[in-house]
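Okay, structure first, notes after.
Just so it is clear, none of the values below were taken in a lab; they were calculated from the coordinates. Predicted model only: the values in this text are computed from it and were never measured. Cβ coordinates were reconstructed from backbone atoms using ideal geometry, including for glycine residues, and neighbour counts include every protein chain displayed.
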Amino acid sequence: MNRTIKAALAGDRRAMARLISRLEDDPRAARDIIPPIYAHSGQARVIGVTGAPGSGKSSLVARVAAEYRLRGRTVGIVAVDPTSPFSGGALLGDRIRTHALSGDPGIFFRSMATRGHLGGLARATADVVTLLDACGYERILVETTGAGQSEVDIASEAHTTLVLQTPGAGDDVQALKAGILEIADILVVNKADLDGADYTVAVLEATLSFRQPPSPADDSWPIPILRTVALDGRGIAELVDAVERHGAYLAQSGQRERLEQKRAAHRLRDMLQQELLARYVGRVGDQRLAEMARRVALRCTDPYSAVCALLQYETKAG
């Protein structure tokens, strides 16, 4: 393992791929992989890309990556896909998205399956981002599954979050809802060559105007609304400029340090939840858990009472 880690840190792409596979396949592998590389991370900018299915996230990610390469930046891409019900792998991800990016040594692409993990990301996403960061990739793009209003976990993992909207797809209604719009650092109206783009922009502008007006001393980030056409690259350079301006704002305002602390706290809570759940379930045992599930299904008890009983049993057993 140490040899593979050293090879990955030295830029060996096959070693990186092997480590990522281990992180995906075995949750316990992170305990061996992350500690020796963690001190090498913390330099990359993590850019989240989210939005409804069909908003063009994949095409936009490819264009943004290509623009960063023109600017001399190395790019890591983590595309989180829904899980195949047959193979358990990511649906179509690698074969479709990597075609336009293949052959560039300055880009590392990985498609990951959610494997039932909620929130728009895979369980191992944060660890894979840490690995790519430690291996020297300067900009890391994380594309979420496109599940809709619920996939807000990306805001806890990214420094800059792009939320995509498209004209004529009901996004004017989605924009008025709490949730996904509120995590945006930059709003992107993609497919802006379609009819209805002006209306979509107007709805987003109106939505942003509902927020508390800033005071004269307020130096908060003004959320821009940008138009792009990812298929032909229109607006991509301007979008990357806005991402870089947001990065500069985070550094100059001191928000980057606070954001890093929030990311670390979120990650620790998530890891604690997983670890404590695994320990509790392991101590209670599958047989007792199945018996309690049977009692709940038969309405012999309710779920809340069942959980309390299981917790009390684990406490006595411990």
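Listed highest first by mean packing, meaning other Cβ atoms within 10 Å per residue, what order do 277-290, 43-56 come in?
Top of the packing list down: 43-56, 277-290.
What is the packing order of peptides 30-38, 13-21, taking the mean over residues of other C-beta atoms within 10 Å and listing the highest first?
In decreasing order of mean packing, 30-38, 13-21 become 13-21, 30-38.
Which whole-Hz ³J(HN,Hα) couplings does the range 291-306 yield from phi under the Karplus relation 6.51 cos²θ - 1.76 cosθ + 1.60, θ = phi - 60°, glycine and proline marked x?
5, 5, 4, 5, 5, 5, 4, 7, 6, 6, 8, 9, x, 5, 5, 5
Any idea what diffusion coefficient the range 226-318 gets from Stokes-Einstein, in µm²/s, Kirkwood Rh on alpha carbon pairs, 4 °C, 1.567 mPa s?
Value of D from the Cα-based Kirkwood radius: 72 µm²/s.
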